[in-house]
Amino acid sequence: MTLIIRSSQIHAAGCYTTEPIRKRSRIVEYTGPHISKEAADEKYRDSPTTYLFGLGNGSKVIDGHGIAMFINHSCDPNCETGEVRGKVWVKALRDIAAGEELTYDYNLYDGDDDEALCNCGAENCRKSMYSSEELKRRARAAKRASAKKALNRKAAGKKRART
Ligand SMILES: [Zn+2]
């Protein structure tokens, strides 16, 4: 299999195949040192860009180093990732033609408060690289935060009314 890195419509650089790929084939391993989530948080505290891939229950991550870290996110991807005995593989979700950019759904779940906006251009684009579950969780958290703010305002209002 021959993969190349070149500029991408989706984001910066992307990973392309120069040969057709059959559905379900393993394409490339997501390689890099396996480090603890805490070590990664420490290492990338001030870095807006990371290539971390969560393993298992999320206590360990792969600190991406290799060709797979160039694969961009898409909400309508042609690849998926799967963990097999501690290794993460990128696999074809469908037949992929020579020259196509490889993409998978990042399904981000743990990040700072940035929005991780998606520009994949797919018809079903959810405008974010966070997973649907994470987006729901964030929406609930935002609702709770604004409800709390409203309560605080009410309390402040009462205080003023009493004086
Ligand atoms: Zn998208």
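No lab work stands behind these numbers, since they all come straight from the coordinates. Nothing here was measured: the structure is a model prediction, and the numbers come from that model. Note that we place each Cβ from the backbone using ideal geometry, even for glycine, and neighbour counts take in every protein chain shown.
If Lys and Arg each add +1 and Asp and Glu each add -1, what is the summed charge of the other residues whose beta carbon sits under 11 Å from the beta carbon of Asp76? Could you put the intermediate results ahead of the total?
Values: positive: Arg94, Arg126; negative: Asp105, Glu123.
Charge balance in the 11 Å sphere: 0.
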**Asked** Taking the mean number of other Cβ atoms within 10 Å as a proxy for protection, how do you rank 2-8, 42-48, 125-131 from highest to lowest?
**Response** 125-131, 2-8, 42-48
**Magnitude of the charge dipole, the stretch 1-133, Cβ model with Lys/Arg +1 and Asp/Glu -1, debye to 20** = 680 debye
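May I ask you to derive the relative contact order of the chain, considering only C-alpha pairs under 8 Å and at least 6 residues apart, and to give it as an integer percent? Show your work: numbers first, answer last.
Details: 281 pairs, mean separation 37.8, N = 163.
Once normalised by length, the contact order is 23 percent.
Kindly provide the helix-only [θ] at 222 nm of the chain, computed as the sum of -39,500 (n - 2.57) over DSSP H runs of four or more divided by all residues, to the nearest 500 deg cm²/dmol? It would help to have the intermediate numbers written out before the result.
Details: 2 runs with 38 residues, N = 163.
Computed mean residue ellipticity for the chain: -8000 deg cm²/dmol.
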**Complete:** Taking every other residue with Cβ under 11 Å from the Cβ of Arg22 and scoring Lys and Arg +1, Asp and Glu -1, one gets +3
**Complete:** Each label sits 7 Å from Cα toward the beta-carbon; between Glu29 and Glu80 the label points are separated, in nm, by 2.2 nm
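State the number of lysine pairs found in the stretch 3-130 whose Cα atoms come within less than 17 Å, restricting to pairs 8 or more positions apart or on distinct chains. Can you show the working numbers first?
Working: Lys23/Lys91; Lys37/Lys60; Lys37/Lys87; Lys43/Lys60; Lys60/Lys87.
Here the count comes out as 5.
If neighbour count is taken as other Cβ atoms inside 10 Å, put Lys149, Lys87 in order from fewest to most. Please list the in-between numbers first.
Numbers: Lys149 10, Lys87 13.
Result, fewest neighbours first: Lys149, Lys87.
Could you work out how much longer the chain between Ala139 and Ile10 gets when fully extended? Use 0.36 nm per residue separation minus the Cα distance between them, nm to one decimal. Display every interim value, and only then the final one.
Values: separation 129, 0.36 × 129 = 46.44 nm, distance 2.55 nm.
Net length gain for the segment: 43.9 nm.
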**Likely footprinting exposure, Val90, Val84, fewest C-beta neighbours within 10 Å first** = Val84, Val90
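With r as the distance between the Cβ atoms of Arg22 and Asp114 and R0 = 30 Å, compute the FRET efficiency 1/(1 + (r/R0)^6) and round to 0.05. List each step's numbers first, then the result.
Details: r = 37 Å, r/R0 = 1.22.
E between Asp114 and Arg22, to the nearest 0.05, is 0.25.
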**Fill in**
If His65, His34, His73 are placed from fewest to most neighbouring beta carbons inside 10 Å, the sequence is His65, His34, His73
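Tell me the net charge near Arg140. Cut-off is 14 Å between Cβ atoms, Arg140 excluded, with +1 for each Lys or Arg and -1 for each Asp or Glu.
On the way: positive: Lys136, Arg137, Arg138, Lys143, Arg144, Lys148; negative: Glu133, Glu134.
Once positives and negatives cancel, what remains is +4.
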